[in-house]
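Student: Attaching a single structure in structure tokens format; questions to follow.
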Amino acid sequence: MSTESIAWSTPQVAAQRPVVERLHDWVTTVDHKRLGILYILYALVFLVIGGVEATVLRIQLIRPHNDFVSPQVFNRMFTMHGTTMIFFAVMPILFGFANYLIPLMIGARDMAFPRLNAFSFWLTAFGGLLLYFSFVGGDGLYGAGNAPDVGWFAYAPLTSKTFSVGHSTDFWTLSLLVSGFGSIGTAINIITTVLCMRCPGMTLGRMPLLAWLNLTMAGLVVLAISPLTAAQLMLLVDRYLGGHFFDTQAGGSAVMWMHFFWVFGHPEVYVLVIPAFAFASEIIPVFSRKAIFGYPVMVAATICIAFIGMSVWAHHMFTVGMSAAGNTFFVLSTMAIAVPTGIKIFNWLATIWGGQIDFKTPMLFCVAFLFQFLIAGLTGIMLGAAPFNWQLGNSYFVIAHFHYVIVGAILFTLFGAFYYWFPKMSGRMYNEALGKLHFWLFVIGFHLTFDFMHIPGILGMPRRIYTYEPGRGWDTWNLIITIGVFFQAAGLLVFIGNLLWSYRRGKVAGSDPWDAWTLEWSTTSPPPTYNFATIPAIKSRRPLWDLKHPEDPDWQYE
Amino acid sequence: MSGRRKVAFAVVHIHVLIALVLGGAAVPAFAEPARAPWSPTNIFAPVSTPAEWIFDLSRFVLTVTAAIFAVVFSLLVYAVVKFRQRRGSNGREPAQVYGSTQVELAWTVIPILIVLVLFLAAARVIASIQNAARPSNAIEVTVIGHQFWWEYRYPSLKVVTANELHIPVSDPAHPTPTFLTLLSADTDHSFWVPRLAGKTDLIPNHPNSTWMDPRETGLYLGQCAQYCGTQHAKMLLRVYVQMPDEFDRWIQEQSRPAQISDTISEGQKIFERTACINCHAVRGTAANGRFGPDLTHLMSRDTIASGAALNTPDNLRRWVKDPSVIKPGSKMPAMGLSDPDLNAVTTYLESLR
């Protein structure tokens, strides 16, 4: 096969049709690109809602004994913030990018199961609505409603009928059940697509890292969501059918809920962070102008992380009184994760090494990611040492640590991915100056908030408290943390403004604005419904490099 | 300075700043653990063996992670500054490098060794703390977590009290550690007094234990560290570490029944006539409820409402009148007492010394 078979398609001219018809197209679509964009837009709405909830939390904590909101409202806000961000913001955004990019990057015309794809999206969307409907229906049908206030990991027996009256916990349970089925549908779709839909010449060893990493992520979703779904069903049985799985007053076990939740909850961290690694693994090489360093090792490290990641869950439970042997095992498995994770950081570093770094907005976010993920990993080692965890666990240090992962690593690479693929999705360039402004506002806000958040944790401030006593040495830090939130909020507004403005007014991007190497850049921006006029055939991991450098193609070396 | 170079330096600067801030935060805490605590709940100011061992381990972990940070951070900074795109590169691509087995091996094996060392260090501390021998002269206390207060029972000393734990100081030469059995009456809680020991959860149907042997007298603060409901934030911990004779005297006083006059006061009548006695006990009287704190020696405590307010007559009256003013979501209901009744009950409570 020759590289000539990658044809540069010509852009289509979309005829303007009535709004209702176009909306109907979106609602009934089974096109992976449209579903991807639906996922992303839907998740962006929830990202903003979750951000507003976080802002409420931070205003309440700006000084000791503040009374901006009542304890009840505060408890609902942190429950909704956590649940929204994990299940209805970050996960759907990542699914959206996976949906949009995987077929394009492996040279396919759609996902393996387009209708399952649409079904999964609408399940997830319905799950999010169900969660927020609790504000209206949480107390039953008598008017007043309440969001759940049991925390995003909803420890038993706080979720039992005794302690959680009304239906707020049911809305929480059902929304996660429903969206969980959506997630499993998407995961099965991703696995099948990656395994069965690759274009001629694309062996597993030539897949873009993004496809490999999302394949691993999807495998983790199937393994991790199942116990969560089981636990939610058991909780429903407890609440409505007189079961006693978690009912401690009838001999049930609160600790069993913890195991069920975290055997989902920790792999979930990798479900979120592995796609973030995927973005970094695509963006960093292009903006360093070098091939990814150690491709096979990157794949191996990812699979290794996924495997070990399934056996570390009880490091969330070092304080629940496991035996010394149990604690010791989970210290070892937790620390072991540092090895493949370290390998990844070093490989990205080696990719930059000797390159020509172009600090466009996507790369800025990825460079910040490298620094921040390094710190997140190191505080993770601290928390992984069980005795140290007995002090740091459930304190603001933990909050700082996992926001360093979820914001500092995942959200940062996500922003990078937005800027990187926005020209492909919309056909227009974003505004580079606004992108940089967004970056700097967000970097400043992020570090003001989450660097200083480690300190009150070390000084003994537990999480999930709606107020605190003066004289504990926490006041100044909390003030700084809250100030940082406003920088982040401003950054987010600039980001959304940039997307909206650029969608209408941005420069036309062309097929390949970054001079990149993977297949999505070989078709038009935005791609036609069928993605490729002729299915491409490839000979290396970087088919467009081969096309652009016929004198020195990759396939000579791989 | 070119635009690109400025960006590269700015990225680096902000991260150097972070390094300094994080490092700077750790340094003063290391310098003088006991005397410069920064905060009454600083985990790096231990005064008891488990907290001390954890502190030693954390110093080791912090040193190792700081070293890793310094190396990787420097490499990243170097790479970002050195390999930025320069003007006049003529659009020529840099040399393409696909990988190197030796290098990959190096950065696999070295981390494995580091991880092993950290693991062994942690494993040793886990075993030392969790398998610590319980000497025969150890003080035994049962801690029961309630929404949103702490019950303390000294089974062998016949003392029941609430919210303010008293334990003796432990002389390192002749240790008298205190062993706590941790139970919960309702939801999950967590016992965390950072300067004395790491936290351990109180889980219904799942007894836990922890121990401490403070070597300095004083008041040590902490609070519930596992979300337990509306007033999780005001489930504060106060541990009074006393000299042995002082502690013995306290036990003496606490183990006596309530010291009340022979004539039953008006306040006591109201107390025993209303729902107060469903939840509260005053030993030596008809009140023997167990849902709320034991009030037999209420006035020997510095605070009420699990540390949420000082135990002053004024606060006591406000609390009895409507607990939700001080602690919204508290399980104690407002009894709707008339002003004269309220005064009488408050006077009665003030007599419980």
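The values are calculated or read from the model by the stated rules, or taken from the named source; none is laboratory data. Owing to the predicted nature of the structure, the values given are computational and were not obtained by experimental measurement. Heads up, the Cβs are rebuilt from the backbone with ideal geometry, glycines too, and the neighbour counts pull from every protein chain shown. Note: accessible area is taken over every heavy atom of the protein model, side chains too, but ligands, DNA and RNA are not part of it. Shrake-Rupley method; radii C 1.70, N 1.55, O 1.52, S 1.80 Å.
Student: Quick check: anything in the range A:94-107 within 29 Å of residue A:194 (Cβ to Cβ) and outside any helix (DSSP H, G or I)?
Tutor: Yes, the range A:94-107 contains at least one residue that is within 29 Å of residue A:194 (Cβ to Cβ) and outside any helix (DSSP H, G or I).
Student: Determine whether residue B:75 is at pLDDT 95 or above, under 22 Å from residue A:363 (Cα atoms), open to solvent by 50 Å² or more (accessible area, probe 1.4 Å) and of a type in the set (A, V, I, L, M, F, W, C).
Tutor: yes
Student: Separate question: Looking only at the range A:148-157, decide whether some residue is β-branched (Val, Ile, Thr), open to solvent by less than 10 Å² (accessible area, probe 1.4 Å) and either under 28 Å from residue A:419 (Cα atoms) or touching a Pro at 6+ places or on another chain (Cβ under 6 Å) (or both).
Tutor: Checked the range A:148-157: no residue is β-branched (Val, Ile, Thr), open to solvent by less than 10 Å² (accessible area, probe 1.4 Å) and either under 28 Å from residue A:419 (Cα atoms) or touching a Pro at 6+ places or on another chain (Cβ under 6 Å) (or both).
Student: Still on this structure: Which ones in the range B:116-134 are part of a helix (DSSP H, G or I), open to solvent by less than 70 Å² (accessible area, probe 1.4 Å), among the hydrophobic types (A, V, I, L, M, F, W, C) and more than 7 Å from chain A (Cβ to nearest Cβ)?
Tutor: B:121
Student: Please specify each residue of the range A:175-218 satisfying the condition of being among the aromatic types (Phe, Trp, Tyr) and under 30 Å from residue A:132 (Cβ atoms).
Tutor: Of the range A:175-218, the ones among the aromatic types (Phe, Trp, Tyr) are A:181, A:212.
Result: A:181, single match.
Student: Going by the conditions given, is residue B:144 open to solvent by less than 50 Å² (accessible area, probe 1.4 Å), more than 14 Å from chain A (Cβ to nearest Cβ) and in a strand (DSSP E or B)?
Tutor: Values: open to solvent by less than 50 Å² (accessible area, probe 1.4 Å): yes; more than 14 Å from chain A (Cβ to nearest Cβ): no; in a strand (DSSP E or B): yes.
No: the conditions fail for residue B:144.
Student: Looking at the range B:87-113, which of its residues are more than 7 Å from chain A (Cβ to nearest Cβ), charged (D, E, K, R) and without any contact (Cβ under 8 Å) to a residue 60 or more places away in the chain?
Tutor: If the condition is that a residue be more than 7 Å from chain A (Cβ to nearest Cβ), charged (D, E, K, R) and without any contact (Cβ under 8 Å) to a residue 60 or more places away in the chain, then B:92 is the only one that fits.
Student: Being modelled with pLDDT of 95 or more and either within 27 Å of residue A:75 (Cβ to Cβ) or open to solvent by less than 20 Å² (accessible area, probe 1.4 Å) (or both) is true for just one of B:207, B:214. Which residue is that?
Tutor: Values: B:207 fails: either within 27 Å of residue A:75 (Cβ to Cβ) or open to solvent by less than 20 Å² (accessible area, probe 1.4 Å) (or both).
Criteria check complete, one pass: B:214.
Student: Another one. Would the range B:164-175 turn up any residue that is closer than 23 Å to residue A:320 by Cα, open to solvent by 30 Å² or more (accessible area, probe 1.4 Å) and touching a strand residue (DSSP E or B) at 6+ places or on another chain (Cβ under 8 Å)?
Tutor: No; the residues of the range B:164-175 include none that is closer than 23 Å to residue A:320 by Cα, open to solvent by 30 Å² or more (accessible area, probe 1.4 Å) and touching a strand residue (DSSP E or B) at 6+ places or on another chain (Cβ under 8 Å).
Student: Among the helices (runs of 4 or more DSSP H) confined wholly to the range A:252-371, which include 1 or more residues that are over 30 Å from residue B:198 (Cα atoms)?
Tutor: Counting at least 1 such residues, we get A:254-288, A:295-309, A:338-352.
Student: Of all residues in the range A:52-69, how many are closer than 19 Å to residue A:462 by Cβ and either in a loop (DSSP other than H, G, I, E, B) or of a type outside the set (A, V, I, L, M, F, W, C) (or both)?
Tutor: The number of residues fulfilling the criteria is 9.
Student: Hey, could you check the range A:245-256 for residues that are within 11 Å of another protein chain (Cβ to nearest Cβ) and not aliphatic (A, V, I, L, M) and say which is surrounded by the most Cβ atoms within 10 Å (Cβ to Cβ)?
Tutor: Narrowing the range A:245-256 to residues within 11 Å of another protein chain (Cβ to nearest Cβ): A:246-256.
Then drop every residue that is not not aliphatic (A, V, I, L, M), which leaves A:246-249, A:251-253.
Values: A:246: 27, A:247: 21, A:248: 23, A:249: 13, A:251: 8, A:252: 21, A:253: 19.
The selected residue is A:246.
Student: If a residue must be more than 8 Å from chain B (Cβ to nearest Cβ) and not in a helix (DSSP H, G or I), how many such residues does the range A:437-463 contain?
Tutor: Number of matching residues: 1.
Student: Let me ask something else about it. Is the range B:305-323 home to any residue that is under 17 Å from residue B:275 (Cβ atoms) and touching a residue at least 60 places away in the same chain (Cβ under 8 Å)?
Tutor: The answer is no; no qualifying residue exists.
Student: For the range A:468-479, indicate whether the set of residues that are of a type in the set (S, T, N, Q) and open to solvent by 30 Å² or more (accessible area, probe 1.4 Å) is non-empty.
Tutor: There is at least one residue in the range A:468-479 that is of a type in the set (S, T, N, Q) and open to solvent by 30 Å² or more (accessible area, probe 1.4 Å).
Student: A follow-up question, please. Answer yes or no: is there a residue in the range A:223-237 that is among the β-branched types (Val, Ile, Thr), touching a helix residue (DSSP H, G or I) at 6+ places or on another chain (Cβ under 6 Å), closer than 24 Å to residue A:314 by Cβ and away from chain B (no Cβ under 14 Å).
Tutor: Yes - at least one qualifying residue is present in the range A:223-237.
Student: Sticking with this structure for a sec: For residue B:78, are the conditions met, namely being in a helix (DSSP H, G or I) and over 25 Å from residue B:44 (Cα atoms)? Show your work before the answer.
Tutor: On the way: in a helix (DSSP H, G or I): yes; over 25 Å from residue B:44 (Cα atoms): yes.
When the stated conditions are applied, residue B:78 passes them.
Student: Could you tell me whether residue B:226 is touching an Asp or Glu at 6+ places or on another chain (Cβ under 6 Å) and under 22 Å from residue A:395 (Cα atoms)?
Tutor: Working: touching an Asp or Glu at 6+ places or on another chain (Cβ under 6 Å): yes; under 22 Å from residue A:395 (Cα atoms): yes.
The answer is yes for residue B:226.
Student: Being farther than 23 Å from residue A:254 by Cα and at the interface with chain A (Cβ under 8 Å from one of its Cβ atoms) is the filter here; which residues of the range B:194-233 pass it?
Tutor: Correct list: B:194, B:197, B:221, B:222.
Student: Looking at (1) within 19 Å of the chain's Cα centre (by Cα); (2) over 22 Å from residue A:444 (Cβ atoms); (3) facing another protein chain (nearest Cβ under 7 Å), which is the one condition that is false for residue A:388?
Tutor: (1)
Student: Being surrounded by 17 or more Cβ atoms within 10 Å (Cβ to Cβ), over 16 Å from residue A:464 (Cβ atoms) and not polar (S, T, N, Q) is the filter here; which residues of the range A:51-62 pass it?
Tutor: Within the range A:51-62, just A:51 meets the criteria.
Student: Being open to solvent by 60 Å² or more (accessible area, probe 1.4 Å) and touching a helix residue (DSSP H, G or I) at 6+ places or on another chain (Cβ under 9 Å) is the filter here, so list the residues in the range B:224-258 that pass it. Before the answer, list the steps.
Tutor: Within the range B:224-258, the subset open to solvent by 60 Å² or more (accessible area, probe 1.4 Å) is B:243-246, B:248-249, B:252-253, B:256-257.
Across the range B:224-258, the qualifying residue is only B:253.
Student: Run residue A:520 past the list (1) under 28 Å from residue A:411 (Cβ atoms); (2) open to solvent by 40 Å² or more (accessible area, probe 1.4 Å) and report the number of the one that doesn't hold.
Tutor: Every condition holds for residue A:520 apart from (2).
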